[in-house]
1. Just to be sure before I move on: is G165 at positive phi and of a type in the set (G, A, S) in the structure I sent?
2. If you take the residues of region 128-165 that are surrounded by fewer than 22 Cβ atoms within 10 Å (Cβ to Cβ) and of a type in the set (G, A, S), which of them is farthest from S193 (Cα to Cα)?
3. Answer yes or no: is there a residue in region 73-91 that is farther than 24 Å from R187 by Cα, at pLDDT 75 or above, assigned to a helix (DSSP H, G or I) and open to solvent by 60 Å² or more (accessible area, probe 1.4 Å).
4. Among what's in region 13-47 and is open to solvent by less than 50 Å² (accessible area, probe 1.4 Å) and aliphatic (A, V, I, L, M), pick the residue that is modelled with the lowest pLDDT.
5. G4 versus (1) modelled with pLDDT under 75; (2) over 27 Å from I198 (Cα atoms); (3) open to solvent by 100 Å² or more (accessible area, probe 1.4 Å); (4) not in a loop (DSSP other than H, G, I, E, B): which is the lone unmet condition?
6. Return a yes/no flag: does region 157-177 have any residue that is in contact (Cβ under 8 Å) with a residue 24 or more places away in the chain and closer than 17 Å to G72 by Cα.
7. Six or more apart or on different chains, Cβ atoms under 7 Å: show the pairs whose first residue is in region 122-150 and at positive phi and among the basic types (K, R) and whose second is modelled with pLDDT of 90 or more and open to solvent by less than 30 Å² (accessible area, probe 1.4 Å).
Amino acid sequence: MLEGKETLSRMTDKYLALILLLALWELSGRLGLADPTTLPSLSRTVTALFDLWKKYHLFTHIMVSMVRVLIGMVAAVVLAVPLSCLLGRLFPGAYQRLEALFRIFGLINPYCLFPVFVVIFGMGETAKISALVWVAFWPIFFSGVTGVRSVDEAVIKTAMSLNPGEWKLFCKVILPGAMPAIFNGFRIGVERSFFILIAAEMTGSAAG
């Protein structure tokens, strides 16, 4: 019983700021401290979300957006991981010469490029997914290059002494050693994908 109270107390302390924020949100709407058209109360917001879920197929729209992000992330991984391993391991000199150009591409706001994707691919799904691939590709690519280049050379030399072959060395040593960095780039790519997804769906989309 005592342990349960201590656990509840720790949870309350941890989420106290969130609880106070939600309470302030509800009170500001009920007491008229905020304009209900711009900041409705928490209860009205939750009720509206339930209405969207039941009447306007909110779940379907969420799934459409999630599928777009999933396709974009898979395509970005398929393109970025092999290229980062290739440039980071086999052609490091080429990467050094092209790194400045890659960095410039990575800094370009993908929303600024969205009209270009629309011109090339039209207003359909391809333009939206292309923007998602662009925004997710660069953090995965840069993280992959960093991960490949940071694999311990002693481990690589030890593995090479067994004559595993380049492909087996890559699959058994280099890629596993680079995976933490690649996953970090993947996480950043997912975060950025949702931002550009919102902009892309606001530009023109029947679902999502």
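The values are calculated or read from the model by the stated rules, or taken from the named source; none is laboratory data. Treat the numbers as computed from the prediction; the structure is a model and nothing was measured. Using ideal geometry, Cβ is built from the backbone for each residue, glycine included, and neighbour counts are taken over all protein chains shown. Side chains included, ligands, DNA and RNA excluded: accessible areas come from the protein's heavy atoms. Shrake-Rupley method; radii C 1.70, N 1.55, O 1.52, S 1.80 Å.
1. Values: at positive phi: yes; of a type in the set (G, A, S): yes.
Yes.
2. Going through the qualifying residues, I end up with S161.
3. The first filter runs over region 73-91 and keeps only residues farther than 24 Å from R187 by Cα, leaving 90-91.
Checking the rest, the ones that are also at pLDDT 75 or above come to 90-91.
Next, only the ones that are assigned to a helix (DSSP H, G or I) stay: 90.
Then keep just the ones that are open to solvent by 60 Å² or more (accessible area, probe 1.4 Å); that gives 90.
Taking every residue of region 73-91 in turn, at least one turns out to be farther than 24 Å from R187 by Cα, at pLDDT 75 or above, assigned to a helix (DSSP H, G or I) and open to solvent by 60 Å² or more (accessible area, probe 1.4 Å).
4. A34
5. It fails just one condition, (3).
6. Taking region 157-177 first, the residues in contact (Cβ under 8 Å) with a residue 24 or more places away in the chain are 170, 174-175, 177.
After this cut, where a residue has to be closer than 17 Å to G72 by Cα as well, the list is none.
Among the residues of region 157-177, not one is in contact (Cβ under 8 Å) with a residue 24 or more places away in the chain and closer than 17 Å to G72 by Cα, which makes the answer no.
7. From residues that are at positive phi and among the basic types (K, R), there are no pairs.
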